[in-house]
Amino acid sequence: MNAHSKHTADATTVEEGLAIAEAQDQQYNDEMATETAMQNTLLTPRFYTTDFDELDAIDVSSVRDDWDKLIAQMEADPNKGHFKKNEDWDHVDWDGMEPALKKEFIDFLISSCTAEFSGCVLYKEMKRRGNNKDITQLFQLMARDEARHAGFINDALREAGLRVNLGFLTQKKKYTYFRPKFIYYATYLSEKIGYARYITIFRHLEANPEYRFHPIFKWFREWCNDEFSHGEAFALLMKTDPKLTSGVNVYWIKFFLTAVFATMYVRDHQRPAFHKALGVDPDWYAHEVFTKTSKLTEQIFPITLDIDHPRWQPTLEALQRANVDLADAVANKKPLKKIGAQLRAARCFVSLMLIPVKKHAVPENVRLEPVY
């Protein structure tokens, strides 16, 4: 069976999945979607690289039992064949979709595709560079999942006459170097907040199906369970070295928590029509996702952010206003207004960082199961 007749959902390795995607790209490509995915701003998903030798030296002996159970669960591959259209895929009237909603939803899909594929690229490279069987096996499995997710989103985009050229992204998108510990913090949070985001939307639409304006949301439960498993893997990686979650590194954890939460808040408030169509208030949604993510991260992080602090919400709102002004200044080439907006945004972020955290004891057993 050749690459043209298979689907990324059925691929058993990341290499096979990417070969299928590349074959599809040769048949169809859209410059606008790819250019959007290529953008590098504070709010767009990035591609990362790191010290692969340091990752290859990880010893998982101290978490062996939990590690082997997680790997076995991922190898069983419960989602093989899931991420493709079937009889549950309803017809989408792209031409009849309200223009603002269509624009924001396409932006959401392109951003999601880029984020999934950035994980795929990072994990695939970790697997390629390493010799440590435990580590390379894990990253091969995670890269497989992320390639499927990206391919599935591209299926949805193709219906709208768009497609992100994943091969082009791999070659041309700028890569950001992060030390391994920063990769752990950022990727762990990305996977866990991804789970919280997808399951919150899925449960909301399960209770209110009249707001499900696109069929892709029906696939969010299995999707977020992949994200959950990936987060579990990074929790175990951090568990192998207690220094990663103690001492000065607690301040780095606070920084990444604040940055990820603030970025999500600002990015989601750029899509008012999207959230209105879902029947979701962005402030309610943000608080739900922050609450779930905070609870989940108690498994490995010794702190959580105080998202109920009286300064938290007003400062996020001020950060959002600064971002709106910054975008306007950039679009209209107003350098002084741009500097002013950047200073206001920086002041907001510092204010968020200065809110005292909540501390707790980390459980001996870090493994969790999806409960939401």
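The values are calculated or read from the model by the stated rules, or taken from the named source; none is laboratory data. What you are looking at is a predicted structure, and each value in this text was computed from that prediction instead of being measured. All Cβ positions, glycine included, derive from the backbone under ideal geometry; neighbour counts span all protein chains shown. Ligands, DNA and RNA are stripped out before the accessible areas are found, and what is left, the full protein with its side chains, is counted by its heavy atoms. Shrake-Rupley method; radii C 1.70, N 1.55, O 1.52, S 1.80 Å.
For every residue, the table says whether it meets (1) within 13 Å of the chain's Cα centre (by Cα); (2) surrounded by 21 or more Cβ atoms within 10 Å (Cβ to Cβ); (3) farther than 28 Å from residue 136 by Cβ.
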position	(1), (2), (3)
186	yes, no, no
198	yes, yes, no
206	no, no, yes
217	no, no, yes
222	no, no, no
240	no, no, no
248	no, no, yes
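Is it the case that some residue within region 172-184 is within 17 Å of the chain's Cα centre (by Cα), over 24 Å from residue 232 (Cβ atoms) and open to solvent by 50 Å² or more (accessible area, probe 1.4 Å)?
Scanning region 172-184, I find at least one residue that is within 17 Å of the chain's Cα centre (by Cα), over 24 Å from residue 232 (Cβ atoms) and open to solvent by 50 Å² or more (accessible area, probe 1.4 Å), so the answer is yes.
Return the pair list, or none, for Cβ contacts closer than 8 Å from residues in region 206-232 that are within 9 Å of residue 194 (Cβ to Cβ) to residues that are of a type in the set (Val, Ile, Thr) and surrounded by 20 or more Cβ atoms within 10 Å (Cβ to Cβ), at least 6 apart or on different chains.
224/199; 230/187
Checking residue 355 against (1) out of contact with any Phe, Trp or Tyr (no Cβ under 7 Å at 6 or more places or on another chain); (2) of a type in the set (Val, Ile, Thr); (3) farther than 30 Å from residue 100 by Cβ, only one condition comes out false. Which one?
Evaluating residue 355 over (1) out of contact with any Phe, Trp or Tyr (no Cβ under 7 Å at 6 or more places or on another chain); (2) of a type in the set (Val, Ile, Thr); (3) farther than 30 Å from residue 100 by Cβ leaves (1) as the failure.
Scan region 343-355 and tell me whether some residue there is among the aliphatic types (A, V, I, L, M), within 27 Å of the chain's Cα centre (by Cα), over 30 Å from residue 73 (Cβ atoms) and in a loop (DSSP other than H, G, I, E, B).
yes
If you go through region 87-102 one residue at a time, do you hit one that is free of Cβ contacts under 8 Å to residues at least 60 places away in the same chain and either under 25 Å from residue 169 (Cα atoms) or buried (at least 19 other Cβ atoms within 10 Å of the Cβ) (or both)?
Within region 87-102 (the criterion being free of Cβ contacts under 8 Å to residues at least 60 places away in the same chain and either under 25 Å from residue 169 (Cα atoms) or buried (at least 19 other Cβ atoms within 10 Å of the Cβ) (or both)), the answer is yes, since at least one residue qualifies.
Please go through region 328-356 and give me each residue that is aliphatic (A, V, I, L, M) and open to solvent by less than 40 Å² (accessible area, probe 1.4 Å), ordered by number.
Step one: of region 328-356, the residues aliphatic (A, V, I, L, M) are 329-331, 336, 339, 341, 343, 345-346, 350, 352-355.
The answer is 329, 341, 345, 352, 355.
Only one of 281, 268 is surrounded by 20 or more Cβ atoms within 10 Å (Cβ to Cβ), closer than 17 Å to residue 108 by Cα, out of contact with any Ser or Thr (no Cβ under 6 Å at 6 or more places or on another chain) and among the acidic types (Asp, Glu). Can you tell me which?
Answer to the check: 268.
When you go through (1) open to solvent by 20 Å² or more (accessible area, probe 1.4 Å); (2) out of contact with any Lys or Arg (no Cβ under 8 Å at 6 or more places or on another chain) one by one for residue 119, which number turns out not to apply?
(1)
Which condition from (1) in a helix (DSSP H, G or I); (2) open to solvent by 50 Å² or more (accessible area, probe 1.4 Å); (3) in contact (Cβ under 8 Å) with a residue 40 or more places away in the chain is the one that residue 287 breaks?
It is condition (3) that residue 287 fails.
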